[in-house]
Each structure stands twice: as C-alpha cells, then as structure tokens.
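Structure first, commentary second.
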Amino acid sequence: MSFINYSAREINCKIVYYGPGLCGKTTNLQYIYAKTNPAAKGKLISLATETERTLFFDFLPLSLGDIKGFKTRFHLYTVPGQVFYDASRKLILKGADGVVFVADSQIERMEANLESLDNLRTNLKEHGYDLDKMPFVIQYNKRDLPNIMPVEELRKALNYRNVPDFEAVASKGIGVFETLKAIAKLVLLELKSR
Amino acid sequence: MFNPQLVLHEKEYEAIKSVCDRLYKESNSKIVFIVDKNGQLIAVSGDVSRMDTTSLASLTAGNVAATGGLAKLLGEKEFSVLFHEGENDSVHISLIGTRMILVVIFDKRTNQGLVRLKVKKSTEELNRIFDAIFAKTEKEKASQGAIEITESDIDKLFGDF
C-alpha cells in the first residue's frame with residue numbers, strides 16, 4: 001500500500017525481496033546499504049538468528065529524491081527464506097507495492113526457486129494480490145558460482161511473465177542496483193496508472 | 001488495483017497530529033506516534049530528535065503483525081493492546097481500526113493506567129478521522145492522478161546511483 005502524504009509531500013512505497021533460503025536477499029540489502037549516500041538511507045535493521053539467518057525481516061529505508069516536489073521514499077524488506085518461516089513471510093508481504101524475486105542460480109537450488117515462487121504466489125493471493133498483475137522483477141543471483149544453470153533455462157522456468165530480469169552477484173554488487181532501479185520504476189509507474 | 005492506497009492531505013494530517021499532540025500532553029508521555037500496519041509513519045508528537053522514527057515505525061508494524069499472527073493461531077481476532085515494559089521506558093501499542101497503530105512511549109513520569117485511559121479516548125477520535133480518510137480515498141480513486149509522474153522523472157531519481 002503506497003502512502004502519499006500531501007502534508008509532508010512524500011510518496012512512500014514498500015518493496016519486498018523474496019526468494020528461497022540463502023539466495024542472497026539480505027546480501028542485496030546490505031550492498032545497497034553500503035553503497036548508498038548516508039543522507040539517503042536510514043538504518044539497516046536485521047532481525048536475524050545468531051548464525052545470521054533472517055528470522056523475521058531485514059528493513060532498509062531509502063530516499064531516492066524528488067518527483068514533482070514529492071520526496072520518494074522506499075522501504076525495502078526481505079523475508080526469511082527458510083521454508084518453515086512461512087507465517088512470517090506472509091506477514092511481510094502485506095502492503096507490498098512491488099516484489100523482487102531473488103533466484104539462486106545454482107543447479108541444485110532450482111527446485112527451491114520454484115517452490116519459493118509458488119509460495120510467493122500463494123501468499124500474495126491470501127492478501128488479495130495477483131503476482132501476474134503487480135510490479136515484479138526477477139534477479140538471477142550467484143552468477144559467479146561454477147555449478148549454475150544457464151540464464152535461458154532460469155528464465156524459462158521462472159520468468160514466464162516476461163518481467164525485467166537481471167543477472168547478479170549480490171556479494172560483489174553486480175546487478176543489485178539495476179534490480180532496485182527496475183522495481184522502483186515499475187512501482188512508481190503503477191502509482192501513476194492508478 | 002491490487003493494493004488500496006492511503007492518501008493524506010494537509011487538513012487530515014493536522015487533525016491526526018492534533019490528537020497525537022493532545023495525547024502526548026495529557027498522558028505525560030515521551031513520544032506518541034501513529035504508524036500504519038505496513039510500517040509507514042503517519043504522525044508523531046514529542047521529542048524525536050534522537051530517535052530513529054523510521055525504524056521504530058517498521059519494527060512496531062512487524063511486532064503488531066507477528067502478534068496478530070499469534071492471535072489468529074489461538075483463534076483470537078487480534079490482540080488490540082500490546083505492552084512492553086522496560087527498566088526506564090515502556091511502550092504501549094494499540095490498534096486503531098483495522099489499519100492503523102497508535103504507539104505511546106513513556107517513562108516513570110506517568111503510569112500505564114493514565115496512558116491507557118488517554119489512549120482510549122484518543123482512539124475513538126482517531127477512528128473517526130481515519131474512517132473519513134479511507135472513505136474519501138476510496139471515493140477519489142477514480143479521479144486520482146494528482147501527481148503526474150513521467151518516465152523521465154523516474155530516470156532522474158537514479159542519477160546518483
């Protein structure tokens with residue numbers, strides 16, 4: 001649910017990074033946090049276990065600048081990827097204006113990708129959203145690893161909607177901002193079309 | 001449309017803010033703020049100069065969401081009040097209607113009973129204000145488009161990256 005505040009002249013939007021466990025959702029946020037001008041970002045909050053697995057969510061507020069005199073602010077969230085945290089995942093999706101699906105390119109994680117995408121669709125539906133209609137971007141992460149699937153195959157399996165998709169190595173920042181830009185753009189355009 | 005939008009105009013914001021200000025004074029608390037259930041900060045009263053209000057808002061919403069999930073598991077509709085007691089500061093969280101959260105942070109200068117009482121009074125008022133806002137947003141949906149965003153506006157946003 002985007003929030004337009006005419007009094008403070010602000011547009012606020014919520015973007016959720018979704019994907020299977022250990023695919024690099026938190027790494028995306030950490031890279032964005034590390035590379036963003038301090039004035040444009042808030043604190044990165046990670047509710048994680050002692051082993052740095054996301055327990056509830058990561059949260060990063062970002063200000064991008066002005067559009068027609070309105071400050072645009074994005075709240076980036078990640079979900080916990082591990083299968084058994086489904087209840088938490090569902091909660092975080094509530095009110096999302098756009099979703100980034102971070103896929104793990106490794107061959108052995110393909111099934112986890114498909115399961116997570118399916119889970120995303122189901123959880124969105126429970127909130128009354130349709131994955132086929134909302135702003136959505138896919139990132140094929142971990143392209144630097146040796147045992148990865150060709151992008152074409154990943155695309156065929158995951159991107160049937162033909163949304164913007166990006167190859168990435170989130171730990172090195174490759175593809176991270178491209179992905180963020182693409183989803184932010186779709187979310188803002190959606191705002192316009194309402 | 002997949003997602004209901006919240007649009008807040010100056011006059012409505014002033015109305016919300018004045019209820020917060022009054023609650024802040026009457027309950028003798030440190031900070032009063034209103035967050036929507038998605039973690040967007042709507043209004044705040046009190047000295048927040050050393051407070052990270054954005055994080056506060058997001059964590060409050062996460063807290064309420066998690067507790068709401070817990071309530072459903074137990075067969076409850078929701079837990080309408082949450083209370084966290086600390087050594088110095090305590091936090092009183094309550095729901096306003098179905099979409100908003102009222103948070104009061106207070107210390108030993110006041111007590112939970114007074115906060116609760118004043119929150120109750122303010123909640124009724126805030127309920128009325130938000131009901132009117134949501135009804136209006138719903139009505140205006142068709143005629144919206146007040147902010148005309150172009151692709152080049154959006155591209156400019158990313159100039160720094």
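The single condition from (1) facing chain A (nearest Cβ under 9 Å); (2) exposed (fewer than 14 other Cβ atoms within 10 Å of the Cβ); (3) more than 21 Å from A:N123 (Cβ to Cβ) that B:L73 fails is (3).
With respect to the conditions (1) in a loop (DSSP other than H, G, I, E, B); (2) in contact with a helix residue (DSSP H, G or I) (Cβ under 7 Å, 6 or more places away or on another chain), B:I154 falls short on a single one, namely (1).
Can you find even one residue in the stretch A:1-14 that is under 16 Å from A:V137 (Cβ atoms) and either under 12 Å from the mean Cα position of the chain (by Cα) or of a type in the set (V, I, T) (or both)? Yes, because at least one residue in the stretch A:1-14 is under 16 Å from A:V137 (Cβ atoms) and either under 12 Å from the mean Cα position of the chain (by Cα) or of a type in the set (V, I, T) (or both). Selection within the stretch B:7-62: residues that are touching a helix residue (DSSP H, G or I) at 6+ places or on another chain (Cβ under 8 Å) and among the charged types (D, E, K, R). The member of this set that is farthest from the other protein chains (Cβ to nearest Cβ) is B:E26. Determine whether the stretch B:8-16 contains at least one residue that is of a type in the set (A, V, I, L, M, F, W, C), part of a strand (DSSP E or B) and within 12 Å of the chain's Cα centre (by Cα). Checking the stretch B:8-16: not a single residue is of a type in the set (A, V, I, L, M, F, W, C), part of a strand (DSSP E or B) and within 12 Å of the chain's Cα centre (by Cα). One residue stands out among those in the stretch B:109-148 that are in a loop (DSSP other than H, G, I, E, B) and at pLDDT 80 or above: the one that is farthest from the other protein chains (Cβ to nearest Cβ), which is B:N111. Summed over the stretch B:78-88, the residues that are of a type outside the set (A, V, I, L, M, F, W, C), under 19 Å from the mean Cα position of the chain (by Cα) and within 17 Å of B:S27 (Cβ to Cβ) give a count of 1. Which members of the stretch A:1-30 meet the condition of being touching a residue at least 60 places away in the same chain (Cβ under 8 Å) and within 12 Å of chain B (Cβ to nearest Cβ)? Hits for the stretch A:1-30 are A:M1, A:S2, A:I4, A:A8, A:R9, A:E10, A:I11, A:N12, A:C13, A:K14, A:I15, A:V16. Residues considered: A:L55, A:L62. Of these, the only one that is of a type in the set (A, V, I, L, M, F, W, C), more than 8 Å from chain B (Cβ to nearest Cβ), surrounded by fewer than 24 Cβ atoms within 10 Å (Cβ to Cβ) and farther than 22 Å from B:V35 by Cα is A:L55. There is no residue in the stretch A:169-183 that is farther than 21 Å from A:L60 by Cβ and surrounded by fewer than 16 Cβ atoms within 10 Å (Cβ to Cβ). Counted as qualifying within the stretch A:1-98 are the strands (runs of 3 or more DSSP E) with 3 or more residues that are touching a Ser or Thr at 6+ places or on another chain (Cβ under 7 Å) and within 23 Å of A:L191 (Cα to Cα), namely A:10-18, A:54-67, A:70-78.
Is it the case that some residue within the stretch B:74-95 is part of a strand (DSSP E or B), touching a residue at least 12 places away in the same chain (Cβ under 8 Å) and of a type in the set (S, T, N, Q)? For the stretch B:74-95, residues part of a strand (DSSP E or B), touching a residue at least 12 places away in the same chain (Cβ under 8 Å) and of a type in the set (S, T, N, Q): present. Within the stretch A:5-39, the set of residues being at pLDDT below 95, farther than 20 Å from A:I92 by Cα and surrounded by 15 or more Cβ atoms within 10 Å (Cβ to Cβ) comprises A:N5, A:Y6, A:S7, A:A8, A:E10, A:T36. Looking across A:D118, A:D132, one residue alone is part of a loop (DSSP other than H, G, I, E, B) and surrounded by fewer than 19 Cβ atoms within 10 Å (Cβ to Cβ). It is A:D132.
Of all residues in the stretch B:40-73, those being touching a residue at least 12 places away in the same chain (Cβ under 8 Å) and either touching an Asp or Glu at 6+ places or on another chain (Cβ under 8 Å) or of a type in the set (S, T, Y) (or both) number 8. Just checking, does the stretch B:59-70 include any residue being in contact with a strand residue (DSSP E or B) (Cβ under 8 Å, 6 or more places away or on another chain) and either on the phi > 0 side of the Ramachandran plot or at pLDDT 95 or above (or both)? Looking for residues that are in contact with a strand residue (DSSP E or B) (Cβ under 8 Å, 6 or more places away or on another chain) and either on the phi > 0 side of the Ramachandran plot or at pLDDT 95 or above (or both), one finds none in the stretch B:59-70, hence no.
Looking only at residues of the stretch B:14-53 that are among the hydroxyl-bearing types (S, T, Y) and modelled with pLDDT under 95, we find that the one that is surrounded by the fewest Cβ atoms within 10 Å (Cβ to Cβ) is B:S49.
The values are calculated or read from the model by the stated rules, or taken from the named source; none is laboratory data. Since the model is a prediction, treat every value here as computed from it, not as a measurement. Cβ sites come from the backbone with ideal geometry, for glycine too, and all protein chains shown count toward neighbours.
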